[in-house]
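Reading through the structure tokens given below for one structure.
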Amino acid sequence: MSEVLVVVEATKEFGVKKVTLEMLTLARELGTPSAVVLGGAGAAEALSAKLGEYGAEKIYAAEGEEIDGYLVAPKATVVAELVKRVQPAAVLLASSQEGKEIAARLAVKLDNGILTDVVGLAADGTATQVAFAGSTIVKSKVTKGLPLVTVRPNSLNPAPAAATPAVEQLTVSVTDADKLAKVVDRVAEQKGSRPELTEASVVVSGGRGVGNADNFKLVEELADLLGGAVGASRAAVDSGFYPHQFQVGQTGKTVSPQLYVALGISGAIQHRAGMQTSKTIVAVNKDGEAPIFELADYGVVGDLFKIVPQAAEEIRKRK
Amino acid sequence: MNIVVLVKQVPDSGADRNLRSDDNTVDRGSANNVINEMDEYAIEEALKIKEAHGGEVTILTMGPDRATESIRKALSMGPDKAVHVVDDALHGSCAVATSKVLAAALGQLGADLVICGAESTDGRVQVMPHMIAERLGVAALTGARKLTVDGSALTVERQTEEGYEVVTASTPAVVSVWDTINEPRYPSFKGIMAAKKKPVQTLSLGDLGVAPAEVGFDGATSAVVEHSKRPPRSGGEKITDEGEGGVKLVEFLATEKFV
């Protein structure tokens, strides 16, 4: 069977991201998964056990300052060379900012079609995408070149399938044109040890109804009790209650968790765009006519400052 | 500094949006078409740079005739002029082909700095800045929440999932911006009047030296096979809190095995 290249997403703090495990699981349906690790020195070694656990038969590693010290372009050059050499059945990347950007450059370098925000990929290369804020389901195909797709987090359940990957170090030969955008600093702002927003199986979000930044502690508390990530509506972000990287909606992140809890969020179309493919939706809002209730599987009309602390207390009791 | 801002006309994301049943492209005919919201932040950033450092701001749009409305709207914020790439053969173009056309137009315009929104609200594909930079062989500083210009030196704070990265480059470059970067100005009455007289140059594929077979459906590198509307969600149980709302909420979560 042909190789399927999976470009690994990982963080220093949490290691291999869940979307990578989803991609490896998907890749096993299409061929033999090979993981591609692009990062600083020693990156592949730190990740290889996890990648093997989910079926990576091979790991290609491109490591060092030439890869890690610049924005995206060197990574695309390395993957493009690898694609030309191994002629894979497909190339999978995460549908994250960086995953899409690497894929963008690959598409131009290889003059190859690209499909983003893919939630399923059949053996014949037909991809399923969700468009227009989750309102439309699209089946599409790359018609020039190999399937080059970016996979949206939480599209499938990752399943382990142990393999013992052989690691091949790639020779990195990037051009000067790849080194035009230099990363001079990386600053972490993520708070605590909560799961990453797009990958979390539970997301608890707060909106304008939360009232102020301090009150977001309530949202965080419920998120922590449920083992979830914290999100925020655009209204809450614009009002300065919570940082932008946690914004869920049309101009923020798209999430698709098992459980989405909306606190003090009216459910404007801008917000629904980012969360309406969630499996189960729960809402608390003082306005019984708020549109969020039209999509909530369970809604409580009332004062979130009474309901949320009570719910938190009840969860503690049950633990 | 010669700044070009990429502006895309998109169907209003606040209304129902559809794909056409005949050719599977975005239904623009029945939609209320507006400037891609994120592009207004790109325009604002370009105007701020011009105000601080001098230069000229040009709007570049690829789209059908009706995109003229969005171009005038963009010009009413303050840019100097616009270039509209319009050609019937462009209908059905994929992202790869679109980047080829935009790169050809940018090559003619000779921009020092290209600014665009981080993504459009219709496709949300997020690939255009890097595709264009790859074709032009210039730097791409993407996902900026802050941009600093010092002569030819550019520094951005790039929003990431963990926080941000500080990324530097020199012009010429492509910068894409998130909506946290600034607060776009509203067009003034004077601006709206002035926009009507600002030059809008139209360019065809022939003007750009791009063959019709390289774009549109003929040149597309991907295709929509079929599409369908997702059944809308329906609301479930809704209770009014009478003192036990929090407990009842947890009871629901427990039946769904989240607690």
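The values are calculated or read from the model by the stated rules, or taken from the named source; none is laboratory data. Please read these numbers as outputs of a predicted model, since none were measured by experiment. In this analysis, Cβ positions are derived from the backbone assuming ideal geometry, glycine residues included, and neighbour counts consider all displayed protein chains.
The table that follows gives values for the structure above.
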item: Condition met for A:Pro195 (in a loop (DSSP other than H, G, I, E, B), modelled with pLDDT of 95 or more and either more than 30 Å from B:Ala139 (Cβ to Cβ) or among the hydroxyl-bearing types (Ser, Thr, Tyr) (or both)); result: no
item: Test result for A:Ala107, surrounded by fewer than 19 Cβ atoms within 10 Å (Cβ to Cβ), facing chain B (nearest Cβ under 7 Å) and within 30 Å of B:Thr155 (Cα to Cα); result: no
item: Residue that is nearest to A:Ser256 (Cα to Cα) [pool: residues in the stretch A:121-150 that are in a strand (DSSP E or B) and touching a residue at least 60 places away in the same chain (Cβ under 8 Å)]; result: A:Val130
item: Positions within the stretch B:192-240 being outside any loop (DSSP other than H, G, I, E, B) and facing another protein chain (nearest Cβ under 7 Å), in sequence order; result: B:Ser222, B:Ala223, B:Val224, B:Val225, B:Glu226, B:His227, B:Ser228, B:Lys229, B:Glu237, B:Lys238, B:Ile239, B:Thr240
item: Tally, over the stretch A:21-54, of residues that are buried (at least 23 other Cβ atoms within 10 Å of the Cβ), within 19 Å of A:Gly125 (Cα to Cα) and hydroxyl-bearing (Ser, Thr, Tyr); result: 1
item: Helices (runs of 4 or more DSSP H) (entirely within the stretch B:68-151) containing at least 3 residues that are over 25 Å from A:Val142 (Cα atoms) and small (Gly, Ala, Ser); result: B:68-76
item: Qualifying positions in the stretch B:21-72 - of a type in the set (Ser, Thr, Tyr) and within 14 Å of chain A (Cβ to nearest Cβ); result: B:Ser21, B:Thr25, B:Ser30, B:Tyr41
item: Search result, residues across the stretch B:226-259 that are in contact with a strand residue (DSSP E or B) (Cβ under 7 Å, 6 or more places away or on another chain) and loosely packed, with under 14 Cβ neighbours inside 10 Å; result: B:Glu226, B:Ser228, B:Lys229, B:Glu237, B:Thr240
item: Entirely in the stretch A:58-117, the helices (runs of 4 or more DSSP H) that have 1 or more residues that are farther than 19 Å from A:Thr175 by Cβ; result: A:73-86, A:97-110
item: Every residue from the stretch A:134-155 that is more than 7 Å from every other protein chain (Cβ to nearest Cβ) and within 20 Å of A:Gly274 (Cβ to Cβ); result: A:Thr150, A:Val151, A:Arg152, A:Pro153, A:Asn154, A:Ser155
item: Residue within the stretch A:179-190 that is in a helix (DSSP H, G or I) and at negative phi present; result: yes
item: A:Ser96, sole failed condition from (1) surrounded by fewer than 24 Cβ atoms within 10 Å (Cβ to Cβ); (2) farther than 23 Å from A:Thr254 by Cα; (3) not acidic (Asp, Glu); result: (2)
item: Unmet requirement for B:Lys196, which otherwise passes all of (1) touching a Phe, Trp or Tyr at 6+ places or on another chain (Cβ under 6 Å); (2) closer than 27 Å to B:Glu51 by Cβ; result: (1)
item: Every residue from the stretch A:18-32 that is part of a helix (DSSP H, G or I) and among the hydroxyl-bearing types (Ser, Thr, Tyr); result: A:Thr20, A:Thr25
item: Failed condition for A:Ala290, given (1) closer than 24 Å to B:Phe258 by Cα; (2) surrounded by fewer than 23 Cβ atoms within 10 Å (Cβ to Cβ); (3) among the hydrophobic types (A, V, I, L, M, F, W, C); (4) at pLDDT 95 or above; result: (1)
item: Among the candidates A:Thr171, A:Thr150, residue that is within 22 Å of A:Tyr60 (Cα to Cα) and modelled with pLDDT under 95; result: A:Thr171
item: Answer from B:Ala67, B:Ala97 - the residue that is farther than 19 Å from B:Asn2 by Cα, in contact with a helix residue (DSSP H, G or I) (Cβ under 6 Å, 6 or more places away or on another chain) and modelled with pLDDT of 95 or more; result: B:Ala97
item: Number of the exception - A:Asp238 against (1) within 12 Å of chain B (Cβ to nearest Cβ); (2) more than 17 Å from the chain's Cα centre (by Cα); (3) closer than 18 Å to A:Val284 by Cα; result: (3)
item: Filter result (of a type in the set (A, V, I, L, M) and either surrounded by fewer than 24 Cβ atoms within 10 Å (Cβ to Cβ) or closer than 12 Å to A:Phe246 by Cα (or both)) within the stretch A:201-211; result: A:Val202, A:Val203, A:Val204
item: Subset of the stretch B:8-27 that is touching a Lys or Arg at 6+ places or on another chain (Cβ under 9 Å) and among the aliphatic types (A, V, I, L, M) - its residue that is surrounded by the fewest Cβ atoms within 10 Å (Cβ to Cβ); result: B:Val26
item: Residue among B:Val174, B:Val149 that is in contact with a helix residue (DSSP H, G or I) (Cβ under 6 Å, 6 or more places away or on another chain), touching a residue at least 12 places away in the same chain (Cβ under 8 Å) and under 12 Å from A:Leu180 (Cα atoms); result: B:Val174
item: Sole exception among (1) among the aromatic types (Phe, Trp, Tyr); (2) free of Cβ contacts under 8 Å to residues at least 12 places away in the same chain; (3) assigned to a helix (DSSP H, G or I) for B:Phe258, by number; result: (3)
item: Some residue of the stretch A:281-301 being polar (S, T, N, Q) and within 27 Å of the chain's Cα centre (by Cα); result: no
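A quick yes/no check of all residues on (1) touching a residue at least 12 places away in the same chain (Cβ under 8 Å); (2) surrounded by 23 or more Cβ atoms within 10 Å (Cβ to Cβ); (3) touching a helix residue (DSSP H, G or I) at 6+ places or on another chain (Cβ under 8 Å); (4) of a type in the set (A, V, I, L, M, F, W, C):
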| residue | (1), (2), (3), (4) |
| --- | --- |
| A:Pro257 | yes, yes, no, no |
| A:Leu295 | yes, no, yes, yes |
| A:Gly299 | yes, yes, yes, no |
| A:Ala311 | yes, yes, yes, yes |
